[in-house]
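The values are calculated or read from the model by the stated rules, or taken from the named source; none is laboratory data. All values derive from a computational prediction rather than experimental measurement. In this analysis, Cβ positions are derived from the backbone assuming ideal geometry, glycine residues included, and neighbour counts consider all displayed protein chains. For accessibility, only protein heavy atoms count, side chains too; no ligands or nucleic acids. Shrake-Rupley method; radii C 1.70, N 1.55, O 1.52, S 1.80 Å.
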Amino acid sequence: MAAPWEDVLRDEPAIREAAAVAVDAALLEGVLMRTEGQPNASDVVNYAPFTLLPSAVPSALFEQAYAVQQDFNLLVDAISQNKEFLESTLASTIKADDFTARLFRIHMQVLEEGLAQSVFLGINRSDYMFDCGVDGTPALKQIEINTIAASFGGLTSRTAAVHGQVLKVLGKSKEASRLLPNNPSKGLALGIAKAWELYGSQSAVVMFLVEEVQRNIFDQRCVENELWNRNIRVIRKRFRDVFEKGSLDDAKRLYVDGQEVAVVYYREGYVPKNYDQQNWEARLLLERSRAVKCPDIATQLAGTKKVQQELSRPGTLERLLPGRAEAVARIRATFAGLYSLDMGEEGDKIAATAIADPDRFVLKPQREGGGNNLYGEELRQVLEKIRDSPERTSYILMDKIKPQPAMNYLLRAHSPLQASECISELGIFGVYVRQGKEMVMNKAAGHLLRTKAIEHADGGVAAGVAVLDTPYLV
C-alpha cells in the first residue's frame, strides 16, 4: 500500500522545506485549534496537528466505506426507533455502567411521556481501519460508529488543500491534482438546515451545545458558518446555560435565553465527566422538548459498544433491516470479530481466551471520544480483575485489527520534525433526516482520515494522539 513518496522521504532538505510550507499553508487555510494554555480564547491559536504527506488508502476500500454509509444511517435510525431492541441489548450494561443507565432512564421517561419531537436528525461517523489478513490483502473493518459529537468535519474540509500545496512544492503536481475534494462541514450543515426547515419556524435558532473547554472551536465554526450563510441563526450554549435559562412552553417548544430553539446540535455530552446533577437535568429538559436533537438520546444509545457487539450476532441485522438483504451484506462485510462479556458460559470462555492471548483483542468500554480502549498487558490485568464480576458486562471484546504501517511525518506545534511509522483510520460522515416515518435525507457527507504513530494504541486528534490526514487513493 505504498504511496509514491519513497523518494521524497529520503530527501531531508526537501522535507524540511516542505514542512515549513505545510505549517504556513495550514494556518492560511484555517486548520486551527486553540492552545492548551488558553483553550477558551482565540488570542493565541496554532495549527491542528497533521501529516506532512497524504497517506495511501486502497481506492476499493475507500469506495466500499462510502457505499455502505447510507446503510449504516438506516441501521442507526432503525435501532433508535426500536425500544425493545435497545432494552434487551443494554439490559446487562445498564446494571454495570451508571452512565449508560442514566441515559437509558431518560430515554424511557421521554417515551412514557410521549415524544414531542417529530423530526429526527442523525450525524454520525463510521470509523474503519485496513486490516491486513493472513495473506496480506487489506480489508475494510469497522472500529466503531460515533452517533454523538462526531468531530473534525470542519477542519478536514480544509486539510486537502494543505496537502495539495505540499505535494506541489515537492514537485508532485500530478499527484496533487488527484487528491479528492472533501467538504463534510457543508454536508453536515445541509442536514442541520433541513431539520431546521422541517421544524417550521423561521425565527427559531440552531443551538450548538458546547463544552466548557472549547479548544476545537474552529472545527465547529466551519459548520456554523455554513448555517449563517443560509441565514440560519446559530447560538452557542453550555449545559449550564440550558439549566439556568432553558424552559419549555405548553407545546413543549424549547426556549433558551428567550430564543426558540429548532435544532440542538450536541458537541458535548458523550462522556460521564460532561455531567453533574444540573447537567443531567438540562439533558432531560432538552430531550423532553419538541426541538430536533442531534442526536436524540435513543440515537446516542444506538452508538454504544454493546449495541455494536450485538449487531454482529447472526440474524440481528436481518431483524433490524427486514427486506434489505443487500444492505445487510454490505454492513456485515465491514464487521471485525466482536464478543460479549455477559455473565455466563459464553462470556467466561471469551474472557479466558483474551486473558491467555491479550494481543489478539481490544477491550472496549461504553465510551466515546478516544483514549478509552485497553490493549495487551493492560487488557489482561483489567480482565483478570473483573473476570468473575458483573462489572465485565460494561465492556465488549473486539478482534485487534492489524493494519500495514507506512512512514510519514506528523507535524505538531513545538515538536521536532521526525519520521514515524504510522497507521491510519478512515471515517465516513453520514447525515440523515427523518420526518415521522419518512426518510427525507440520507447521504454520505464526506470523509476524515486520521493517522498516528504505531506506538500509540488508542486515541484521536482531540485526545492528542492522532493527526489530520488526507487519503491518497492507490
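Once Rh is set to the Kirkwood radius over Cα pairs, what Stokes-Einstein translational diffusion coefficient, in µm²/s, holds for the stretch 337-400 at a temperature of 37 °C and a viscosity of 0.692 mPa s?
Answer, rounded: 288 µm²/s.
Could you list the residues of the stretch 107-130 with an amide nitrogen less than 15 Å from a label point located 7 Å from the Cα of ILE235 in the Cα-to-C-beta direction?
Within reach of a label on ILE235: no residues.
What do you get for Rg/Rh of the stretch 298-404 when both radii come from the Cα atoms and Rh is the Kirkwood radius?
Using Cα coordinates only, the ratio equals 0.99.
Once the cut-off is 22 Å, how many percent of the Cα-Cα pairs in the stretch 128-249 end up in the long-distance tail?
Percent of Cα pairs beyond 22 Å in the stretch 128-249: 56.
Could you let me know the centre-to-centre spacing of the stretch 124-196 and the stretch 228-247, using Cα atoms, in angstrom?
29 Å
Using the Cα centre of the chain as origin and beta-carbon charges of +1 (Lys, Arg) and -1 (Asp, Glu), tell me which of LEU284, PRO181, GLY133 is placed farthest towards the positive end of the dipole.
About the Cα centre, the residue reaching furthest to the positive side is PRO181.
Once the Cβ-Cβ distance between ALA60 and GLU318 is put in as r, and R0 is 22 Å, what FRET efficiency do you end up with, to the nearest 0.05?
0.25
Ignoring ligands, DNA and RNA, what accessible area per residue does the chain give at 1.4 Å, in Å²?
Using a 1.4 Å probe on heavy atoms only, each residue of the chain averages 41 Å².
By average Cβ neighbour count within 10 Å, what is the ranking of 292-298, 464-470 from highest down?
So the order, starting with the most tightly packed, is 292-298, 464-470.
Calculate, for GLU212 and ALA251, the FRET efficiency according to 1/(1 + (r/R0)^6) with r their C-beta to C-beta distance and R0 35 Å; round to the nearest 0.05.
Approximately 0.65, to the nearest 0.05.
Order of 161-170, 143-152, 424-433, 309-318 by packing, highest average Cβ count within 10 Å first?
Top of the packing list down: 424-433, 143-152, 161-170, 309-318.
Modelled label-to-label distance, HIS414 and LEU473, 7 Å Cα→beta-carbon offset: nm?
The two pseudo-label positions are separated by 4.0 nm.
What is the magnitude of the charge dipole of the stretch 337-400 about its Cα centre, with +1 placed on the Cβ of each Lys and Arg, -1 on the Cβ of each Asp and Glu, and no other charges, expressed in debye to the nearest 20?
The dipole of the stretch 337-400 has a size of about 140 debye.
Report, in deg cm²/dmol and to the nearest 500, the calculated mean residue ellipticity at 222 nm for the chain, where each DSSP H run with n ≥ 4 adds -39500 (n - 2.57) and the sum is divided by the residue count.
Only helices count here, giving -11500 deg cm²/dmol.
If we sort 245-256, 71-82 on the protection proxy, mean other Cβ atoms within 10 Å, highest first, what's the order?
Put in order of decreasing packing, that is 71-82, 245-256.
Between ASN46 and MET108, what is 0.36 nm times their sequence separation minus the Cα-Cα distance? Round to one decimal in nm.
18.0 nm
If I take R0 = 56 Å and measure r between the Cβ atoms of ARG387 and SER203 in this structure, what FRET efficiency does the formula 1/(1 + (r/R0)^6) give, to the nearest 0.05?
0.45
Can you compute the modelled spin-label distance between LYS437 and GLU281, with each label point 7 Å from Cα toward Cβ, in nm?
The answer from the label model is 3.9 nm.
Roughly speaking, to the nearest percent, how much of the chain's 1.4 Å accessible area is carbon and sulfur?
48 percent
Once you put a point 7 Å from the Cα of ALA352 and another 7 Å from the Cα of LEU27, both along the Cβ direction, what distance in nm separates them?
6.1 nm
What are the residues whose amide H is under 5 Å from the amide H of MET441, where those residues sit 5 or more places off or on another chain and H is modelled from the backbone?
VAL433
At each listed q (0.11, 0.13, 0.18, 0.20 Å⁻¹), what is the log10 of I(q)/I(0) that the Debye formula gives for the stretch 1-127 modelled as equal alpha-carbon point scatterers?
Normalising to I(0) and taking log10 leaves -0.79, -0.92, -1.06, -1.13.
Could you pull the Rg and Dmax for the chain, using just the Cα atoms, both in Å?
Rg and Dmax of the chain, Cα atoms, are 22.1, 69 Å.
Positive end of the dipole of the stretch 337-400, charges at C-beta (+1 Lys, Arg; -1 Asp, Glu), about the Cα centre: which of PRO365, LEU383, TYR339 has its Cα farthest in that direction?
Of the options given, the answer is PRO365.
Over the chain, what is the mean sequence separation of C-alpha contacts under 8 Å (at least six apart), divided by residue count, expressed as relative contact order in percent?
It rounds to 26 percent for the chain.
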